[in-house]
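Taking it in order: structure first as structure tokens, then the write-up.
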Amino acid sequence: MHSIGELARASGLTVSALRFYDSAGVLEPALVDPVTGYRWYTDEQIAPARLVAGLRRIGMPVPEIAEAVRAEPAAVHRLLDTHLRRLVDGLADARREVTRLRALVEPARPVPTTLRVCAAELAAAVDAVRFAVGVDPELPMLSGVLLDVESDGVRLVATDRYRLAQARAGAHVDGPPARVFVPVDLVDRVRALLDAADTRAVRLTATGTDLRVVVAGRTLTGSALPDDFPDYRRLLRKAVGERPAAYRIPVDVAALRAALADPAAPTVAREHGGEPLAVTVLGLDDHGGLRLLPADEAGAGAVHVGVNGGYLLDALNAAGAAQLVLELDGPVAPLAVRRPDDADTFSVLMPIRL
């Protein structure tokens, strides 16, 4: 048997860390002296302690460390792959934030970024996210559509805190990558002209906060919103990106839309902001398909999620597809609405506690 000090020296963990991992149920001693309270460990616990030390050094969360200590090698490799992706994404987030901070410290002369995008593609992307734009006057940072311009396209994102929608359109980009927060009134004015443009290219130029859009022979101008749009990439990773959803359920949009619109559709009465709210609860039928759960079944089992039925209808209508996939992962996880043919176009609805 090894004392806690001996295991600390053998594993690279401190004594205080070993005490913490004992209390967290990650690495419990083989024996605790009932009189002195001293912790004793076996030879077989040295390797798991070294694994814990390594996972701690790379910043893996404690619940995943606990899982890794008890898992088979293949499962540990999957946990490492997931965490490595998290670290890579976090580094990309940090680099973007550092670039933004440098600009705040010493603003540079604005460099224009111009993109040319097919009008039909842009129209489809706007339609896929417009429903999620925030309307709360106290949250101006949500009152527009973010255009996240990449080297070969533009990602459109909108959120009102309760739902988030994303779509992407390919584009020819001239200039550096840019994040342009476009006010919703300018988005709507551009959208009104896109159908007339048909498949012709729309030209959008952003220079600092100055915006210029040429579409269907007309030029529209405006200013980007000065507010910082939320870090949607991090939000999406936490909501639907860390691990695959437990259930991916194909649904017929017309049938689900009709079920939601039916006055007799089952709901659960809740309250939000002092106002009554009818919550739609989604669950599985005996064949693994989707069904609306009545009130007496709403809290039963792990496979259910409560959402705002009107918001779900908005998401179905905005997706523009006859078949969609709904991703469920329990009652406190967001609901993802995805198109099976387009990984870049989807929306996320926040769950309502039942």
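The values are calculated or read from the model by the stated rules, or taken from the named source; none is laboratory data. Keep in mind that this is a model prediction, so the values were computed, not measured. So basically every Cβ, Gly included, is an ideal-geometry build from the backbone, and we count neighbours across all protein chains shown. The area values use the complete protein model at the heavy-atom level, side chains included, leaving out ligands, DNA and RNA. Shrake-Rupley method; radii C 1.70, N 1.55, O 1.52, S 1.80 Å.
The simple spin-label model puts a point 7 Å past each Cα toward its Cβ; for E67 and D228 those points are separated by 3.0 nm. In this label model, M141 and A269 are separated by 3.7 nm, measuring between points 7 Å along each Cα→Cβ vector. Note on R189/R257: beta-carbon distance plugged into 1/(1 + (r/R0)^6) with R0 of 22 Å gives a FRET efficiency of 0.15.
Note that the range 1-76 carries a Kirkwood radius of 12.5 Å, evaluated over its alpha carbons pair by pair. Here the label points at R19 and V332, each 7 Å from Cα along the C-beta direction, are separated by 2.9 nm in the simple model. A straight line joining the Cα centroids of the range 337-354 and the range 79-156 runs 18 Å. Whenever you get a sec, compute what percent of the accessible area on the chain sits on carbon and sulfur atoms (1.4 Å probe). Whole-percent figure for carbon plus sulfur exposure: 55.
State the extension gain, in nm to one decimal, for the chain segment bounded by D210 and E28, taking 0.36 nm per residue of separation less the distance between their alpha-carbons.
Details: separation 182, 0.36 × 182 = 65.52 nm, distance 5.99 nm.
Taking D210 through E28 to full extension adds about 59.5 nm, to one decimal.
Each residue was assigned an accessible area with a 1.4 Å probe, and for V98 the value is about 60 Å². Short-range pairs are left out: with C-alpha atoms under 8 Å and at least six residues apart, the relative contact order of the chain is 12 percent.
Want the number for E106 to A75: 0.36 nm per residue separation, take away the alpha-carbon distance, what's left?
Working: separation 31, 0.36 × 31 = 11.16 nm, distance 4.67 nm.
Net length gain for the segment: 6.5 nm.
For the pair A278 and R203, a Förster radius of 45 Å applied to the C-beta separation gives a FRET efficiency near 0.50, rounded to the nearest 0.05.
To the nearest µm²/s, what D does Stokes-Einstein give for the range 95-223 at 4 °C and 1.567 mPa s, using the Kirkwood radius over alpha carbon pairs as Rh?
Working: Rh = 15.0 Å.
Approximately 86 µm²/s, per Stokes-Einstein.
Here D174 and A322 are evaluated by their C-beta separation; at R0 = 35 Å the FRET efficiency comes out at 0.45. When the Debye formula is applied to the Cα atoms of the range 263-346, each taken as the same point scatterer, what base-10 log of I(q)/I(0) results at q = 0.26 Å⁻¹? So the normalised log intensities work out to -1.40. Grouping the Cα pair distances of the range 156-208 into 5 Å bins from zero gives a pair-distance distribution of 4, 12, 21, 29, 21, 10, 3 percent in increasing distance order. With the convex hull of the Cα atoms taken as the outline of the chain, the averaged projected area works out to 24.4 nm².
Output the direction-averaged projected area (hull surface divided by four) of the convex hull of the alpha-carbon atoms of the range 20-167, in nm².
The number I arrive at for the range 20-167 is 15.9 nm².
With kT/(6 pi eta Rh) evaluated at 4 °C and eta = 1.567 mPa s, and Rh the Kirkwood radius from Cα pairs, the range 147-275 diffuses with a coefficient of 71 µm²/s according to Stokes-Einstein.
May I ask you to rank H172, H2 by accessible area, largest first, using a 1.4 Å probe over the protein chains only?
Details: H172 105, H2 50 Å².
Largest accessible area first, the list is H172, H2.
In terms of overall dimensions, the C-alpha atoms belonging to the range 22-62 reach 37, 20, 11 Å along their principal axes, ordered largest to smallest.
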